[in-house]
Amino acid sequence: QVQLVESGGGLVQPGGSLRLSCAASGTFFSIYAMGWYRQAPGKQRELVAGFTRGGSTNYADSVKGRFTISRDNAKTTVYLQMNSLKPEDTAVYYCNAAISVGALVEVKDYWGQGTQVTVSS
């Protein structure tokens, strides 16, 4: 059973910082892509930042220069460092990963349970 376990959300004032973590656990063959999405009330879920299958990074235009995604050497944990937070960054942040549980098993999308980030004074 593959699980993505997130941590690090919370309440922060505008201009503040938070760091989110997401660790993949369980038995799997390979992680092909991993990243963060967010969903604000009444809005669609959107990509925030992620590592592609080729290892490059993508960022939403709205977070470029403020957020940084990184990962551990094993590539099973990703981090999202969020600086200069704005009220419009308020959302539930979800970790996502494309994972195969076996060498000949199709790649599937997995999601974490979500962690709330609230930016407010």
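Any chance you could get the radius of gyration and Dmax over the Cα atoms of the chain, in Å?
Reported Rg and Dmax, both Å: 14.2, 50.
Taking every pair of alpha-carbon atoms in the stretch 1-44, what share in percent sits in each 5 Å bin, from 0 to the bin with the longest distance?
So the P(r) values, bin by bin, are 5, 13, 21, 20, 20, 10, 7, 3, 0.
Using alpha-carbon pairs under 8 Å, 6+ residues apart, how would you state the relative contact order of the chain in percent?
36
Keeping to pairs on different chains or 8 or more places apart, tell me how many lysine pairs in the chain have Cα atoms under 25 Å apart.
6
Karplus couplings for the stretch 39-46 from phi (6.51 cos²θ - 1.76 cosθ + 1.60, θ = phi - 60°), rounded to Hz, Gly and Pro as x?
Per-residue couplings from phi come out as 9, 8, x, x, 10, 7, 5, 10 Hz.
Please name whichever of S25, G15, V92 sits farthest to the positive end of the charge dipole of the chain, dipole taken about the Cα centre and charges placed at Cβ: Lys and Arg +1, Asp and Glu -1.
G15
All of the numbers you see were taken from the coordinates with simple rules; none came from a lab. Everything quoted here is computed from the prediction, not taken from an experiment. Glycine also receives a Cβ, built like all others from the backbone with ideal geometry; neighbour counts cover every protein chain displayed.
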